[in-house]
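Notes follow once the structure below has been shown.
The values are calculated or read from the model by the stated rules, or taken from the named source; none is laboratory data. Only a predicted model underlies this, so the values are computations on that prediction, with no experimental measurement involved. FYI the Cβ positions are ideal-geometry reconstructions off the backbone, even for glycines, and counts take in every protein chain you see.
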Amino acid sequence: MTLATPVPASTQKRTYPIISADSHFTEPADLWVRYIDPQYRDRAPHVESRETTDVIVCDSADMFPVGVIHGVRYKGGDVKLEGRYADVPASGWDPEARIPELRLDGIAGEVLYPTIAMRFFTIEDAPFQEACIRAYNNWAADFGKTHPDVFKPVGIVSLDDVDVALREMRRFRDLGLVGVMIAVFPDGGRAYHDASYLPFWAEAEALGLPVSMHIATERRLDKQQRTPTDTFLSYTLVQRTLIGMIYAGVFDRFPRLQMISVENDAGWAGNLIERMDYVERKARARNLQSNGHLNREAPSHYWRNNISYTFMRDRTAILAREVIGADRLMWSSDFPHGDSTWPDSQQVIEEQFAGVPEEDQKLILHDNAARLYGLP
């Protein structure tokens, strides 16, 4: 199925379709009851009705409030934490209901991430966590098959057990999922540049699966000790992960490995790229790099060849594309989350890309995502 007509008038001048490199499912309330392995059905994540609101229950994992699910419903900041799952629009989980919403917004294709399953990294019971993740991946693959030229779902794995992650990644790639999402930060665990993860990076490279690190997917949550500053700076977790991988030589070992920073914005990358090159030049000149791996290339080489970024509203990143690389940036609508640009994506794009050459717009709005994820 194509989305050729109708589209908003502002997109008529474009000779290419617009792709959202980061959109989301709102998973159906009964997904895990239907898809999880039978031995876990009595523990399956599900929705329970309480006196004033429904709640999502998943053992001891900290789930999102039902009210914010499909948050695009709220405009002007009037977000409600409480709500009923029956009021959530079907476009979150029904591909036929979703197509008109995309057409209204002028979006031709989506790379799809979870909503509820974003919190599965916090599940401590490993076999149960694996079953929940496997069920989600199966459902996402079934969704993607309905319109494979429009929907490109990304699978998820936990890296608590790398061997399990490798098997699951191979399995869901064969089902048609186009990437793999891991926790943005392995809180309390080994950093991702630890040697124990080398088999995972090797397999992701061999399978051609981009590895995504989405905001709000930490391995553990500690809300009680998180300050407003911590919340605001949560996007810096992905920076720490990527910097560690560069300095540890992960991309020297796996030069075709592709990492995606998802919904962490991207303007910061321009400063990091310049700063890391300067620090490394200084360290080499003063013989300060006595410990660790000495990269074969300047840090900017890895930022520009192995790392991409999604954003919704980041004029700074667009203006810094000469430093970051226009071929590394990917626009997204974040539909149907509360920060989404829907249904005003065309207006947002016009404002954000004002004065940008059409060649660079095409890269950021279409080509980069199409290349990574196999969209037409």
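Please verify whether segment 245-265 includes one or more residues that are among the hydroxyl-bearing types (Ser, Thr, Tyr) and more than 17 Å from Ile324 (Cα to Cα).
So far as segment 245-265 goes, yes, one or more of its residues are among the hydroxyl-bearing types (Ser, Thr, Tyr) and more than 17 Å from Ile324 (Cα to Cα).
Could you grab me the full set of residues in segment 138-162 that are of a type in the set (D, E, K, R), surrounded by fewer than 22 Cβ atoms within 10 Å (Cβ to Cβ) and touching a residue at least 24 places away in the same chain (Cβ under 8 Å)?
Scanning segment 138-162 gives Lys145, Asp149, Asp160, Asp161.
Matching residues to (1) modelled with pLDDT under 95; (2) over 30 Å from Ala370 (Cα atoms); (3) loosely packed, with under 14 Cβ neighbours inside 10 Å; (4) of a type in the set (Asp, Glu):
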residue	(1), (2), (3), (4)
Tyr16	no, no, no, no
Ser20	no, no, no, no
Leu31	no, no, no, no
Arg34	no, yes, yes, no
Ala44	no, yes, no, no
Cys58	yes, yes, no, no
His70	yes, no, no, no
Gly76	yes, yes, yes, no
Lys80	yes, yes, yes, no
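Of everything in segment 145-192, what is of a type in the set (Gly, Ala, Ser) and under 16 Å from the mean Cα position of the chain (by Cα)? Give them in sequence order.
If the condition is that a residue be of a type in the set (Gly, Ala, Ser) and under 16 Å from the mean Cα position of the chain (by Cα), then Gly155, Ser158, Gly179, Ala183 are the ones that fit.
I'd like the full set of residues that are outside any strand (DSSP E or B), of a type in the set (A, V, I, L, M, F, W, C) and either over 19 Å from Thr122 (Cβ atoms) or touching a helix residue (DSSP H, G or I) at 6+ places or on another chain (Cβ under 9 Å) (or both), limited to segment 41-72.
Matches in segment 41-72: Ala44, Ala61, Met63, Phe64, Val66, Ile69, Val72.
Any chance you could count how many residues in segment 74-96 are in a helix (DSSP H, G or I), out of contact with any Pro (no Cβ under 7 Å at 6 or more places or on another chain) and over 29 Å from Arg220 (Cβ atoms)?
So the count comes out to 5.
Kindly indicate the residue of segment 329-348 that is assigned to a helix (DSSP H, G or I) and surrounded by fewer than 23 Cβ atoms within 10 Å (Cβ to Cβ) and also farthest from the chain's Cα centre (by Cα) among those meeting that condition.
Gln347
Can you name every residue in segment 228-281 that is crowded, with 18+ Cβ neighbours inside 10 Å, β-branched (Val, Ile, Thr) and within 17 Å of Ala298 (Cβ to Cβ)?
Ile246, Val250, Ile273
Can you name the number of the only condition in (1) closer than 30 Å to Ser340 by Cα; (2) in contact (Cβ under 8 Å) with a residue 40 or more places away in the chain that Phe251 fails?
(1)
Among Val157, Val150, which is the only one that is in contact with a helix residue (DSSP H, G or I) (Cβ under 9 Å, 6 or more places away or on another chain), modelled with pLDDT of 95 or more and under 17 Å from Tyr197 (Cβ atoms)?
None of the others qualify; the one that does is Val157.
Looking at segment 162-215, which of the residues that are among the basic types (Lys, Arg) and at pLDDT 95 or above is farthest from Val250 (Cα to Cα)?
Step by step, filter segment 162-215, then rank; the result is Arg171.
Checking Leu363 against (1) in contact (Cβ under 8 Å) with a residue 60 or more places away in the chain; (2) of a type outside the set (S, T, N, Q); (3) in a helix (DSSP H, G or I); (4) touching a strand residue (DSSP E or B) at 6+ places or on another chain (Cβ under 8 Å), which test does it fail?
Against the list (1) in contact (Cβ under 8 Å) with a residue 60 or more places away in the chain; (2) of a type outside the set (S, T, N, Q); (3) in a helix (DSSP H, G or I); (4) touching a strand residue (DSSP E or B) at 6+ places or on another chain (Cβ under 8 Å), Leu363 comes up short only on (1).
Hey, can you tell me all the residues within segment 172-230 that are among the hydrophobic types (A, V, I, L, M, F, W, C) and assigned to a helix (DSSP H, G or I)?
Within segment 172-230, Phe172, Ala195, Leu198, Phe200, Trp201, Ala202, Ala204, Ala206, Leu207 qualify.
Taking segment 189-209 as the search range and keeping residues that are surrounded by 20 or more Cβ atoms within 10 Å (Cβ to Cβ) and touching a Gly at 6+ places or on another chain (Cβ under 7 Å), which one is farthest from Leu237 (Cα to Cα)?
Leu209
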